[in-house]
Amino acid sequence: MPDYTTAELIAAFLARDLHDGEFVVVGANLPVPRAGVLLAHLHHGPNMWIGLSATQTSLLKEPVLEPFKFNRDFRAAKWAESYMLHEEAFDSPKLMSDAFFVGGIQIDQYGNSNLIGVGKEYRRLAFRGPGAIGTTTVSTYTKRYYLYLNSHDPRVLVERCDFITSFGWGKGGADARQKLGLPGGGPKYCVTPLCVFDFEEREKRMRLKSVHPGVTVEDVLAKTGFTPIVPTRVPETEPPAADELAILRRRVNVEGVLRS
Amino acid sequence: MTAERASRVLDEIQAAAQVKDGMCVIIGGHILSSHPMPVIRQIIKQGTKDLTVIGAASAGLEVDLLIGAGCAKKVITPYVGAEALAPIGPFFKAAAERGEIALWECDEGIYYTALRAAALQLPFLPSLGGLGTSLPDVNPDLKVFRDPIAGKPLLAVPALRPDISLIHAAVADAYGNVQFVGSGMGDRAHHRAAARTIVTVERVVSNEEIRKDPLATALWNVDAVVRAPYGSHPYQSPGFYLHDEAHLNEYLTAARAAVKGDRGPFTAYLDRYIFRPATHAEYLQAVGFPRILSLYEF
């Protein structure tokens, strides 16, 4: 048995991809990406700017980052250096987030995401999703984003989304976003409880980048609703290091949500 | 002609009476925070129908409640729910799946673009956000067009023009100077886009109090101020109290039963909290002061 959980593994993976100096918003109801952002900040991002609960700040000197369960919990404003006026947050990519996390009730092989619903007819959905929230616009502008899923399921990872709320790489091709004039860098990785996908450079189709320790390529293929590109050698996702686990457990996730 | 500056203070019954059948209202706040609930409850009590309800950029269950109570004909918002308590509002989900309400599908960026177009009295404003997505397919009035200068595709986002903006804030004076604790969410954009603005506040303060910190005045010249202590309950009011999770779960249990065909608990909820209390004060009494006072936690 490894001495870390899958949630801690994913948090560490995300943290390593965030850079010092970046502004990253901690989203609502996403404990694992939250932990990844805060780990990056405390581990190697002393000049990062953290967006949370409609504020921007640095949390470097805070011994323990208590969690706030809800997006607009005003108690988080005790840390605020500035407020986010929500109607202005979409006026400039500088106010959105340098990196962002997008979920989906469906995500397709080209990284397009659907938060509207499942069904062929919009007025008669079999399953109504929560709605696009801010993902359509932020995914248009942000330098890069991560597709993030809490479960790895063939009904979620599908060949084609029934609807698209975040345009990833469309129907594929490295110029798919450029053709539409979308300024942002598009989805970089899709992270699930089983594996990490990246996007093959030419086709921009999902490619298995790593499987989490204990997971096989066959496990992933059996639970994915499309056929990803599988390289001849698929490495394991790198486990969290001792110093990363120490920060996660002592400062970021003291209450233990990532351990349960 | 008197030389007195007129008070704009109304009670929630007078304020809600301005909301008529078929109007378009926009509700402030953000998910579990800052909704003008005494006016929302009074709209339900007075039986207003066929509203176009524009929720906050991310709405909480106040929009779900208006759907469940039969007040909404059309709903426009990028999200209706209560995060971990309910990823999606039960009535919103059911009404959307059954085609019982009309929807206009958008994300938060497109939403504010539409409100800015209304404020500027423009028919539309262009957007890059939404290109390549299904939004133009599901909203026939959201149109892809060619930028007349560079010839590139853009999305034309039509104006969303609310008749009345309903906002909850920390304090206001009697003349319509409004101050928030915290950011004020997206409420400034609502005020700019709407023909009229009604604001419920935790406290009505003196004009001198407002003048201590004019930089904090986020909205001025609002049309009506409603004195409503605990007026965002069961949602948070920044600096005053947290959301009431037990009450929200009581609502959710009733709403979930209603969409499965058992409307009894929801009818009881409406009776207890909306139809029976004659005023906001009586609503607070129905909730109970031990509960209300337990919400003040930092």
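Rule-based calculations on the coordinates, nothing more; no lab input. These numbers come from a predicted model, not from an experiment. For neighbour counting, all protein chains shown are included, and Cβ atoms are generated from backbone atoms with ideal geometry for every residue, glycine included.
Report Rg/Rh for chain B, rounded to two decimals, where Rg is the Cα radius of gyration and Rh the Kirkwood radius.
Numbers: Rg = 19.4 Å, Rh = 19.7 Å.
Reported Rg/Rh, Kirkwood definition of Rh: 0.98.
Of the candidates B:H190, B:H247, B:H30, which one comes out as most mobile in a Gaussian network treatment of chain B with C-alpha springs shorter than 10 Å?
The residue that fluctuates most here is B:H247.
Over chain A, what is the relative contact order in whole percent, taking alpha-carbon pairs under 8 Å and six or more residues apart? Could you put the intermediate results ahead of the total?
Details: 545 pairs, mean separation 52.0, N = 260.
It rounds to 20 percent for chain A.
Determine the gain in length on full extension of the stretch B:D147-B:D271; use 0.36 nm per residue of separation and subtract their C-alpha separation, reporting nm with one decimal.
Details: separation 124, 0.36 × 124 = 44.64 nm, distance 5.36 nm.
Contour length minus Cα-Cα distance gives 39.3 nm.
With the Cα gyration tensor of the protein assembly as shown giving a ≥ b ≥ c as the square roots of its eigenvalues, does the rule (a/c under 1.5 for rounded; else a/b larger than b/c for prolate; else oblate) give rounded, prolate or oblate? List each step's numbers first, then the result.
Numbers: a/c = 1.68, a/b = 1.50, b/c = 1.12.
Judged from the Cα gyration tensor, the protein assembly as shown comes out prolate (a/c at least 1.5, a/b above b/c).
Name the aspartates and glutamates eligible as straight-distance cross-link partners of B:K143: C-alpha to C-alpha under 16 Å, and not fewer than 8 places from it in the same chain.
Correct list for B:K143: B:E105, B:D107.
Considering the Cα trace of segment A:77-211, what is its radius of gyration and what is Dmax, both in angstroms?
Cα-based Rg and Dmax for segment A:77-211 come out at 15.4, 46 Å.
Chain B: longest stretch without exposed GluC sites (Glu not before Pro) (DSSP loop, at most 13 other Cβ within 10 Å), sites themselves excluded?
Longest stretch, sites excluded: B:101-296.
Among the listed pairs A:K94/A:K209; A:K179/A:K204; A:K61/A:K94, which have their C-alpha atoms separated by more than 26 angstrom in this model? Write out the running numbers ahead of the final one.
Details: A:K94/A:K209 30 Å; A:K179/A:K204 14 Å; A:K61/A:K94 24 Å.
Violating the 26 Å Cα-Cα cut-off are A:K94/A:K209.
Where is the GNM fluctuation largest for chain A (alpha-carbon springs, 10 angstrom cutoff): A:R160, A:R123, A:R250?
In the Gaussian network model the winner is A:R123.
Would you mind computing, in nm to one decimal, how far apart the modelled labels at A:S92 and B:L120 are, each placed 7 Å from Cα along Cα→Cβ?
Placing both labels 7 Å along Cα→Cβ, they lie 1.7 nm apart.
Straight-line reach from B:K93: which lysines fall under 25 Å, measuring Cα to Cα and dropping same-chain residues less than 8 apart?
Partners within reach: A:K69, A:K120, B:K45, B:K49, B:K73, B:K74, B:K260.
With equal scatterers on the alpha carbons only and no solvent term, can you work out the Debye log10 of I(q)/I(0) for chain A at 0.09 1/Å?
Values returned for q = 0.09 Å⁻¹ are -0.39.
Starting from segment B:197-260, pick out the trypsin sites (Lys or Arg not before Pro) whose DSSP state is loop and whose Cβ has at most 10 other Cβ atoms within 10 Å. Could the numbers behind the result be given before it?
On the way: sites: B:R203, B:R211, B:K212, B:R227, B:R256, B:K260; in loops: B:K212, B:K260.
Within segment B:197-260, the qualifying trypsin sites (Lys or Arg not before Pro) (loop, at most 10 other Cβ atoms within 10 Å) are B:K212, B:K260.
Name the residue from A:G45, A:F68, A:T57 whose Cα lies farthest towards the positive end of the charge dipole of segment A:42-82, charges +1 on Cβ of Lys and Arg and -1 on Cβ of Asp and Glu.
A:F68
Please list, in order, the residues from segment A:54-80 whose amide nitrogen is less than 18 Å from a point placed 7 Å along the Cα→Cβ vector of A:S260.
Within reach of a label on A:S260: A:65-71.
Take chain A, connect every pair of alpha-carbon atoms lying under 10 Å apart with a spring to form a Gaussian network, then pick out the residue of A:F68, A:F101, A:F23 with the largest mean-square fluctuation.
Taking springs between Cα atoms under 10 Å, the residue moving most is A:F68.
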